[in-house]
Amino acid sequence: MKEQLRQYLNQYIQLNENEFCAIANLMSEKYLRKKEHFVKATSICNKVAFFTKGYFRFYYLTKNGDEITSDFYFAPNIVTSYTSLITCNPSDVYVQAMDDMKLLILSKSDLEKLYSQYHNIDRVGRLIAEKVAINSEQHLLSLLNQTAEERYRNLINNNPEFIQKIPLQYISSYLGITQETLSRVRRKIK
């Protein structure tokens, strides 16, 4: 799994052996079962995780108690509640494993030490955070400017290996549409 982490990080910047080992040696393994939470709303997130299979669902609860899916993170990827991690405030979202998965966990305190000791690790962290910000903005703009069909097609095109695994109620919530509308869109596309 650590070799997969190296490949993932190398997408952003080539870390030398010393830099990569500094990260890898501070990470611990953790297992999550399907539907288990990596982060719960109202708790402060103080860790990041790397995962190589499956996907995470981000969701929040409305005042009525309804779950709204706000994002998916697909493997391989790094996951956390970024706002909580950065601000040290309780998370507004739940981060839920949607498969049984193994994680490599890095604490916030260790991450900050790595940032201060290694310029390239600091740079990788910034580049990953920029990717998260871009993806969040693109999703928001798609909700504001695209039709339900366009949003669904984008999800299919960008993540075809996961689309069959995601329950329809999560897809419709993520796309900002009802399950009935999603069914019509899917029939139209077929």
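Please tell me if residue 10 is in the same structural domain as residue 95 (by TED's automatic domain parsing) and more than 17 Å from the chain's Cα centre (by Cα).
Judged against the criteria, residue 10 is a match.
To keep it simple, each residue is scored yes or no on (1) surrounded by 19 or more Cβ atoms within 10 Å (Cβ to Cβ); (2) under 20 Å from residue 135 (Cβ atoms).
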{"residue": "14", "(1), (2)": "no, no"}
{"residue": "17", "(1), (2)": "no, no"}
{"residue": "22", "(1), (2)": "no, no"}
{"residue": "25", "(1), (2)": "no, no"}
{"residue": "42", "(1), (2)": "no, no"}
{"residue": "65", "(1), (2)": "no, no"}
{"residue": "81", "(1), (2)": "yes, yes"}
{"residue": "87", "(1), (2)": "no, yes"}
{"residue": "97", "(1), (2)": "yes, yes"}
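Residues are listed down the side, and each one gets a yes or a no for (1) without any contact (Cβ under 8 Å) to a residue 24 or more places away in the chain; (2) hydroxyl-bearing (Ser, Thr, Tyr):
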residue	(1), (2)
90	no, no
93	no, no
110	no, no
119	yes, no
133	yes, no
142	yes, yes
155	yes, no
173	no, yes
185	no, no
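Among the residues of segment 146-162, are any surrounded by 13 or more Cβ atoms within 10 Å (Cβ to Cβ), assigned by TED's automatic domain parsing to the domain that holds residue 9 and within 19 Å of residue 34 (Cα to Cα)?
Checking segment 146-162: not a single residue is surrounded by 13 or more Cβ atoms within 10 Å (Cβ to Cβ), assigned by TED's automatic domain parsing to the domain that holds residue 9 and within 19 Å of residue 34 (Cα to Cα).
Taking residue 22, is it under 29 Å from residue 117 (Cα atoms), in contact with a helix residue (DSSP H, G or I) (Cβ under 8 Å, 6 or more places away or on another chain) and among the small types (Gly, Ala, Ser)?
yes
So which residues in segment 68-114 are assigned to a strand (DSSP E or B), hydroxyl-bearing (Ser, Thr, Tyr) and closer than 18 Å to residue 1 by Cβ, if there are any at all?
Answer for segment 68-114, where residues must be assigned to a strand (DSSP E or B), hydroxyl-bearing (Ser, Thr, Tyr) and closer than 18 Å to residue 1 by Cβ: 73, 107.
Filter the helices (runs of 4 or more DSSP H) completely within segment 130-190 down to those with at least 1 residues that are polar (S, T, N, Q).
Answer list for segment 130-190: 148-158, 168-175, 179-189.
Can you work out which of the residues in segment 36-87 that are among the aromatic types (Phe, Trp, Tyr) and within 19 Å of residue 113 (Cα to Cα) is modelled with the lowest pLDDT?
For segment 36-87, the residue satisfying everything is 82.
Working only within segment 1-57, note down all residues that are free of Cβ contacts under 8 Å to residues at least 40 places away in the same chain and of a type in the set (Phe, Trp, Tyr).
Hit for segment 1-57 is 20, nothing else.
Which residue out of 119, 139 is more than 21 Å from the chain's Cα centre (by Cα) and assigned by TED's automatic domain parsing to the domain that holds residue 34?
On inspection, the qualifying residue turns out to be 119.
Can you name the residue in segment 69-103 that is out of contact with any helix residue (DSSP H, G or I) (no Cβ under 9 Å at 6 or more places or on another chain) and acidic (Asp, Glu) and, of all such residues, is nearest to residue 24 (Cα to Cα)?
100
The values are calculated or read from the model by the stated rules, or taken from the named source; none is laboratory data. Keep in mind it's a predicted model, so treat the numbers as computed, not measured. For neighbour counting, all protein chains shown are included, and Cβ atoms are generated from backbone atoms with ideal geometry for every residue, glycine included.
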